[in-house]
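Trainee: One structure, as structure tokens, below. Some questions next.
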Amino acid sequence: MKVGDRHYRSIWVEDGEVRIIDQTRLPHEFVVVTLAGLEDAALAIRDMWVRGAPLIGATAAYGMALAMREDASDGGLARGHDILYATRPTAVNLRWALEEMRAVLAPLAPAARHAAAMRRAGEIAEEDVAINSAIGDHGLALIREIAARKGGAPVNILTHCNAGWLATVDWGTATAPIYKAHQAGIPVHVWVDETRPRNQGAHLTAWEMERHGIPHALIVDNAGGHLMQRGAVDMVIVGTDRTTARGDVANKIGTYLKALAARDNGLPFYVALPSPTIDWRVEDGVREIPIEERSGDEVSFVQGKLADGSMARLRISPEATPAANPAFDVTPARLVTGLVTERGVASATAEGLAALFPDRVQR
């Protein structure tokens with residue numbers, strides 16, 4: 001996607017160095033950071049300079065390459081894997097990327113590992129771009145169907161958190177169909193949930209929509225159900241950090257409530273996901289997916305820009321009040337209208353996913 005006059009991806013290699021956008025500084029500052037080594041990559045994932053399951057996976061892959069530059073021994077390989085694996089527990093792309101990198105690197109001589117790691121990490125990044133573009137094509141067909149029924153009126157789409165190009169290497173998952181529809185001349189309007197507590201909707205999705213020229217409006221998280229009742233939403237599309245083999249979906253906290261509201265109002269609720277986000281080892285999302293508990297400070301404090309242009313971090317709760325901060329919830333498959341993947345739209349069932357990915361099913 002373009003920022004100013006330059007096309008950016010969320011992670012890339014320039015002059016031999018791995019670069020990322022520090023997403024904690026958006027929307028008020030656009031800051032590019034160089035990942036100098038393994039610890040930088042782990043910090044970027046853990047402290048959410050990068051976030052979103054596909055981008056976490058790509059960053060982990062490059063993190064392994066940086067680890068091999070520092071220590072390409074078997075011990076260095078194990079250390080890199082373990083440090084990166086411990087950063088975020090919910091997004092399955094992290095595990096997938098690390099297992100992929102270890103499978104490629106373990107048979108090689110140490111002297112060959114860094115170059116091979118950089119090559120495979122680059123391939124993972126390119127694969128993610130192609131996957132997300134294909135998700136956009138399949139999701140575009142869904143938007144076209146609604147647009148045809150509306151006779152030229154904008155298709156109102158509600159999304160949650162940020163499943164945009166900032167959450168992937170490019171295109172995004174939930175946003176890819178929106179970008180494709182906008183490019184195809186289909187009028188769309190996006191309701192952007194603020195997505196407390198980290199405000200990824202307000203900080204990131206709104207920033208993406210504004211940069212791309214897509215009509216949108218920022219809403220508080222609790223407004224979604226009201227808008228659905230009033231007929232102001234035509235479809236909901238969200239991303240996911242892990243999807244089970246039977247179609248349960250783990251995504252940013254609050255997604256489950258949007259799915260319930262959509263079901264109550266007879267609205268389609270779609271989940272856009274690249275196939276590496278499917279965890280074929282897990283069936284019951286509520287019982288089996290680990291839910292990351294993050295610092296309560298994310299709930300008790302907000303960060304923003306003051307009238308004088310300076311940045312500030314402000315407490316919004318009593319100092320003695322503790323805060324709980326589950327980062328994700330699980331939407332049961334029964335509430336999901338369809339899973340939009342790079343191979344097509346699957347029903348949120350074991351049979352639906354297996355039909356699209358017979359080569360991936362673990363029996």
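What follows is calculated from the coordinates using simple rules that are stated; it is not laboratory data. What you see is a predicted model; the values in this text were computed from it and never measured. Glycine gets a Cβ as well: all are built from the backbone with ideal geometry, and neighbour counts include every protein chain shown.
Trainee: Report, in degrees rounded to the nearest 10, the 0 to 90 angle that the Cα long axis of helix 74-85 makes with the longest principal axis of the chain.
Mentor: Taking the Cα atoms of the chain, the angle to 74-85 is about 20 degrees.
Trainee: What's the angle, to the nearest 10 degrees (0 to 90), between helix 255-264's Cα axis and the longest principal axis of the chain?
Mentor: In the chain, helix 255-264 runs at an angle near 30 degrees to the longest axis.
Trainee: When only C-alpha pairs under 8 Å and at least 6 residues apart count, what is the relative contact order of the chain, in percent?
Mentor: Result for the chain is 15 percent.
Trainee: For Rg and Dmax of the Cα atoms in Å, pick the label among [x] 20.7, 67; [y] 27.9, 92; [z] 19.9, 63 that corresponds to the value derived from the coordinates.
Mentor: So the structure-derived entry is [z].
Trainee: In debye, nearest 20: dipole of the chain around its Cα centre with unit charges on the Cβ of K, R (+) and D, E (-)?
Mentor: Magnitude of the dipole: close to 680 debye.
Trainee: Return the single residue from 57, 296, 247 with maximal mean-square fluctuation; model: Gaussian network over the chain, springs between Cα atoms under 10 Å.
Mentor: 296
Trainee: Output the peptides 157-170, 318-331, 83-96 sorted from most to least packed, where packing is the average of other Cβ atoms within 10 Å over each peptide's residues.
Mentor: 157-170, 83-96, 318-331
Trainee: Please work out the C-alpha center-to-center distance from the stretch 145-167 to the stretch 95-141 and express it in whole Å.
Mentor: The distance from the Cα centre of the stretch 145-167 to that of the stretch 95-141 comes to 29 Å.
Trainee: On a 0 to 90° scale, report how tilted helix 110-150 is relative to the longest principal axis of the chain, with both axes built from alpha carbons and the result rounded to the nearest 10.
Mentor: 10
Trainee: To continue, here is another question. Straight distance only, please: which lysines reach the Cα of residue 2 with their own Cα at less than 20 Å, same-chain residues fewer than 8 apart left out?
Mentor: Answer for residue 2, where 20 Å is the Cα cut-off: 180, listed by chain and number.
Trainee: Report for the stretch 135-356 the percent antiparallel among DSSP-assigned beta bridges with both residues inside it, nearest 5.
Mentor: That works out to approximately 45 percent antiparallel.
Trainee: Over 25 Å, how big is the tail of the calculated P(r) for the stretch 1-103, in percent of all Cα pairs?
Mentor: 17
Trainee: Which one of 312, 121, 250 has the biggest mean-square fluctuation once the chain is modelled by GNM with Cα springs under 10 Å?
Mentor: Highest fluctuation of the listed residues: 312.
Trainee: How much mean residue ellipticity at 222 nm does the chain get from its helices, if each DSSP H run of length 4 or more adds -39500 (n - 2.57) and you divide by all residues, to the nearest 500 deg cm²/dmol?
Mentor: Taking each H run of at least 4 residues, the total per residue is -12000 deg cm²/dmol.
Trainee: So, one more: Setting aside same-chain residues fewer than 8 positions from residue 150, which aspartates and glutamates have a Cα under 18 Å from its Cα?
Mentor: Partners within reach: 234.
Trainee: Counting only residues 5 or more places away or on other chains, whose amide H sits under 5 Å from the amide H of residue 173 once H atoms are built in the peptide plane?
Mentor: 164
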